[in-house]
Amino acid sequence: MVDVDTFLTALYVITDDFCQSRRPKKRPGPDASLSESEVITLAIFARWSRFSSERDFYRYAEAHLRAAFPTLPDRSQFNRLVRLYAEDIEEIALKLGVMLEGEAHPYQALDSSAMPIRDAKRRGHGWLAGYADIGWSNSIGWYEGFSLLAAIEPSGVITGFCFGSASTADQPLAETFFAVRANPNPRLKGAGSHFSGTYVADKGFEGEQNHRRWLECYGAEVVHPPKRNSKKPWSKRLRRWIAGIRQIVETVYDKLFNAFGLWRERPHELSGLRARLAARVALHNFCIWLNDQLGRPRLKFADLMGW
């Protein structure tokens, strides 16, 4: 267990090293009261589910973090700065994963999850009309929001992520994900870098033509269990082995949605959702790194912070 000051200091040092290694981002107007490193550090720290809302976090920051961040601006200015650095937060989220030492893994688990942002039964269009829409999830039923896709190492490290509207099927979402990984886009850093191993997925990513195209065009090999009525069924032992491999996906999504509060995200702007999602991924990977330094189990987050 670490106290808040120790946690923030370690996070700030890593973030500042990252920011110092890059060309400063130009922004219009006078200099902001917080540096880029300070904004990103606070944006990541704010994703703990201890804070029930942005307002709740800011009350805590003003009461307890003024000594460390004496130039803390008003909440609206801080939120604008977080949105400005969305791409940088995505990049550092994956850099934190790269920092973790360990042997290279021959596969990554790939899966999608519902990311609701609004009650599907509410009337009206909501804040993100034209981006979010209605989709179906086996776990929660019909929902309004987005579909989140993530690639995860067996150790629990998130190596890449993206999201699309809730109605987007797994195959086209994966197609975009693999395309961005194979042909990096500086404005879409969250997808991560090309992976030459195998992606272990579920039946939502089926389709021989899809698999052939993904392998030929993007070098992405995908395997998943066949349907129950398949002409080439897998043995029960093989299915159980694959299910064990993919269990890490459920564990990681539980961290994002519960430990880091993604389930109650109610964004007003797409850039804000993008920045806060990336901050949660960064917090997840940083907590794994910090547990490594402390000699603790990598995914033991519940008692990591001594509030």
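The values are calculated or read from the model by the stated rules, or taken from the named source; none is laboratory data. Bear in mind that the values here come from a model prediction, so they are computed numbers and not experimental data. Note: ideal-geometry Cβ built from the backbone for every residue, glycine included; neighbour counts use all protein chains shown.
So that you can scan it fast, the table gives a plain yes or no per residue for (1) crowded, with 22+ Cβ neighbours inside 10 Å; (2) within 27 Å of Gly192 (Cα to Cα):
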{"residue": "Asp111", "(1), (2)": "yes, yes"}
{"residue": "Arg118", "(1), (2)": "no, no"}
{"residue": "Lys121", "(1), (2)": "no, no"}
{"residue": "His125", "(1), (2)": "no, no"}
{"residue": "Phe146", "(1), (2)": "yes, yes"}
{"residue": "Ala150", "(1), (2)": "yes, yes"}
{"residue": "Ser155", "(1), (2)": "no, yes"}
{"residue": "Cys162", "(1), (2)": "yes, yes"}
{"residue": "Pro172", "(1), (2)": "no, yes"}
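Would you please name the residue that is nearest to the chain's Cα centre (by Cα), looking only at residues in region 232-290 that are outside any helix (DSSP H, G or I), of a type outside the set (Asp, Glu) and at pLDDT below 95?
Filtering region 232-290 down to residues outside any helix (DSSP H, G or I) leaves 232-235, 260-261, 265-269.
Imposing the further condition that a residue be of a type outside the set (Asp, Glu) reduces the set to 232-235, 260-261, 266-268.
Filter once more, so that each one left must be at pLDDT below 95: 232-235, 261, 266-268.
Numbers: Lys232: 35, Pro233: 34, Trp234: 32, Ser235: 33, Gly261: 12, Arg266: 16, Pro267: 15, His268: 19 Å.
That would be Gly261.
Any idea which of (1) on the phi > 0 side of the Ramachandran plot; (2) in a strand (DSSP E or B); (3) not charged (D, E, K, R) is the one Gly156 doesn't satisfy?
All conditions pass for Gly156, except number (2).
Given the conditions (1) in contact with a Gly (Cβ under 9 Å, 6 or more places away or on another chain); (2) hydrophobic (A, V, I, L, M, F, W, C); (3) not in a helix (DSSP H, G or I), and given that Val222 satisfies all but one, which numbered condition is not satisfied?
Of (1) in contact with a Gly (Cβ under 9 Å, 6 or more places away or on another chain); (2) hydrophobic (A, V, I, L, M, F, W, C); (3) not in a helix (DSSP H, G or I), only one is false for Val222: (1).
Among (1) without any contact (Cβ under 8 Å) to a residue 60 or more places away in the chain; (2) under 27 Å from Val252 (Cβ atoms), which single condition is Leu72 missing?
Only one criterion in (1) without any contact (Cβ under 8 Å) to a residue 60 or more places away in the chain; (2) under 27 Å from Val252 (Cβ atoms) is unmet by Leu72, namely (2).
Please enumerate the residues belonging to region 163-192 that are under 16 Å from Ala220 (Cα atoms), in contact (Cβ under 8 Å) with a residue 24 or more places away in the chain and outside any helix (DSSP H, G or I).
Gly192 - this is the single residue of region 163-192 that is under 16 Å from Ala220 (Cα atoms), in contact (Cβ under 8 Å) with a residue 24 or more places away in the chain and outside any helix (DSSP H, G or I).
Being farther than 30 Å from His125 by Cβ and among the basic types (Lys, Arg) is the filter; apply it to region 250-307 and report the residue that is surrounded by the fewest Cβ atoms within 10 Å (Cβ to Cβ). Show your work before the answer.
Narrowing region 250-307 to residues farther than 30 Å from His125 by Cβ: 250-252, 254-255, 259, 282-307.
With among the basic types (Lys, Arg) added as a condition, the list becomes 255, 296, 298, 300.
On the way: Lys255: 21, Arg296: 16, Arg298: 16, Lys300: 12.
Here the residue is Lys300.
Restricting to region 215-240, name every residue that is surrounded by 12 or more Cβ atoms within 10 Å (Cβ to Cβ) and within 17 Å of Pro106 (Cβ to Cβ).
Selection gives Leu215, Gly219, Ala220, Glu221, Val222, Val223, His224.
Which residues, counting only those in region 143-153, are in a loop (DSSP other than H, G, I, E, B) and either β-branched (Val, Ile, Thr) or free of Cβ contacts under 8 Å to residues at least 40 places away in the same chain (or both)?
The answer is none; no residue qualifies.
I'd like the residue in region 105-132 that is among the small types (Gly, Ala, Ser) and in a strand (DSSP E or B) and, out of all such residues, is farthest from Ile248 (Cα to Cα).
Ala129
How do the pairs read when you match residues in region 39-58 that are touching a residue at least 60 places away in the same chain (Cβ under 8 Å) and under 22 Å from Asn285 (Cβ atoms) with residues anywhere that are of a type in the set (S, T, N, Q) and surrounded by fewer than 17 Cβ atoms within 10 Å (Cβ to Cβ), using Cβ under 7 Å and keeping only pairs 6 or more apart or on different chains?
From region 39-58, the pairs are Ser49/Asn258.
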